[in-house]
Amino acid sequence: MEQRHLGRTGLRVSRIGLGTLTWGRATDEHDAADMLKVFWEAGGTLVDTADVYGDGEAEYLLGRLMDGLVPRRDLVVSTKAGSVPDPDRRFDGSRGHLLAALDASLARLGTDYVDVWHVHAYDPYTPLEETLQALDLAVSSGRVRYAGVSNFCGWQLAKAATWQLAAPGTRTRLSSTQMEYSLLQRGVEREVLPAALDLGMGLLPSSPLGRGVLTGKYRGGTPADSRGGSEHLAPFVEPYLDDTAGRIVDAVSTAADGLAVTPLQVALAWVRDRPGVAAPIIGARNAQQLTAALSVEALSLPGEICRALDDVSAPVHRYPDHDWSTL
């Protein structure tokens, strides 16, 4: 699998990443092991997790598999901290919480460092410089090699990255931002992606298949064994089952028919090759689904297909995102 630099850093990652959102909950150890082995054998390196996935079980499971199945040195392990199970405060970006969460993640993963550590979301109740200092301390202590953020909007991302760049050699440059991005969700193109490109951060798209909808599996209804058919994840899928999404899915399917490939391959190739994207994160449920996703490695979409998909999925971006003098 082709490797790409993560933003303006020396770290190289596989251009498709393996996500572990369902590990320890809907994905058991057997399926997780099959997927990690398939991913590793295909040349994949980037494995993404978080301390809250499966209430910590995803990290614990990944740690066990790294110990006995895949060499730790062959993987680029990315995890996140900052989300908390508190209805009154969903995110905790305090220095104390983040550093304690990192130590707990390292214990579950069975490793003394993670390659990339992301702040899971912006915490409006903690000064941003305090949150970012936790990243500096984690890197300077050797427990983290590269640092990034997740789910920061445009101004939050720009503020965080600029703060870190203001003291080179003292503060850790942000390497990446993880955000949802697909043909069904192009909101990051307004401000997040331009900021990331300008400030040298790689984008790691989550849900690159539109929460599974872009595969076309929901065109005839909701399959019982799909995420949309599960009690836990149905609310996650439902927003992408409207008429607007249906028109985009139809266009993806038409393109797939014309190229003699699958809708999954078309949708994944589109987001993988967008400017600024380092590696989409695939959250497959089993090795068969993952193998289908990894088959996109040999596909590059023709320019006319990309332009047609751009047009049919174009979000409405007006003032002030476009040149106001033309409006």
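Determine, from the Cβ-Cβ distance of LEU259 and GLU2 and an R0 of 22 Å, the FRET efficiency 1/(1 + (r/R0)^6), rounded to the nearest 0.05. Walk me through the numbers before you get to the answer.
On the way: r = 20 Å, r/R0 = 0.89.
Calculated transfer efficiency: 0.65.
Candidate cross-link partners of LYS217 among the aspartates and glutamates, defined by an alpha-carbon separation under 16 Å and a same-chain spacing of 8 or more, comprise ASP225, GLU238, ASP242, ASP243, ASP250, ASP257. Is the C-alpha gyration tensor of segment 104-155 telling us rounded, prolate or oblate? Criteria: a/c under 1.5 is rounded; beyond that, a/b larger than b/c is prolate, otherwise oblate. It comes out prolate by the Cα gyration axes. Solvent-accessible surface (1.4 Å probe) assigned to TRP163 amounts to roughly 100 Å².
Answer rounded, prolate or oblate for the chain, using the Cα gyration tensor with square roots of eigenvalues a ≥ b ≥ c: rounded when a/c is under 1.5, else prolate when a/b is larger than b/c, else oblate. If you can, show how the numbers build up before the last one.
Numbers: a/c = 1.59, a/b = 1.19, b/c = 1.33.
Taking the square roots of the gyration eigenvalues as a ≥ b ≥ c, the chain is oblate.
The residues neighbouring ALA121, those whose beta-carbon lies less than 14 Å from its own, together hold a net charge of -2 under the Lys/Arg +1, Asp/Glu -1 convention.
Solvent-accessible surface (1.4 Å probe) assigned to MET66 amounts to roughly 20 Å². Taking each DSSP H run with n ≥ 4 as -39500 (n - 2.57) and averaging over every residue of the chain yields -11500 deg cm²/dmol at 222 nm.
Compare SER313, SER230 by solvent-accessible area with a 1.4 Å probe and give them largest first, with all protein chains kept in place. Before the final figure, lay out each step's value.
Values: SER313 10, SER230 40 Å².
Solvent-accessible surface, decreasing: SER230, SER313.
When only the heavy atoms of the protein chains count and the probe is 1.4 Å, how do ILE305, ILE282 rank by accessible area, highest first?
Working: ILE305 35, ILE282 10 Å².
The ranking, largest first, comes out as ILE305, ILE282.
In summary, the lysines within cross-link reach of LYS159, defined as a Cα separation below 25 angstrom excluding same-chain residues under 8 places away, comprise LYS80. Just check segment 126-260 against the gyration tensor rule for me: Cα atoms, a ≥ b ≥ c as the square roots of the eigenvalues, rounded for a/c under 1.5, and otherwise prolate or oblate depending on whether a/b exceeds b/c. Prolate, because a/c is 1.5 or more and a/b exceeds b/c.
The values are calculated or read from the model by the stated rules, or taken from the named source; none is laboratory data. Worth saying up front: this structure is predicted, and the values here are computed from it rather than measured. No Cβ is skipped: glycine too gets one built from the backbone with ideal geometry, and neighbour counts run over all protein chains shown. With ligands, DNA and RNA removed, areas are computed over all heavy atoms of the protein, side chains included. Shrake-Rupley method; radii C 1.70, N 1.55, O 1.52, S 1.80 Å.
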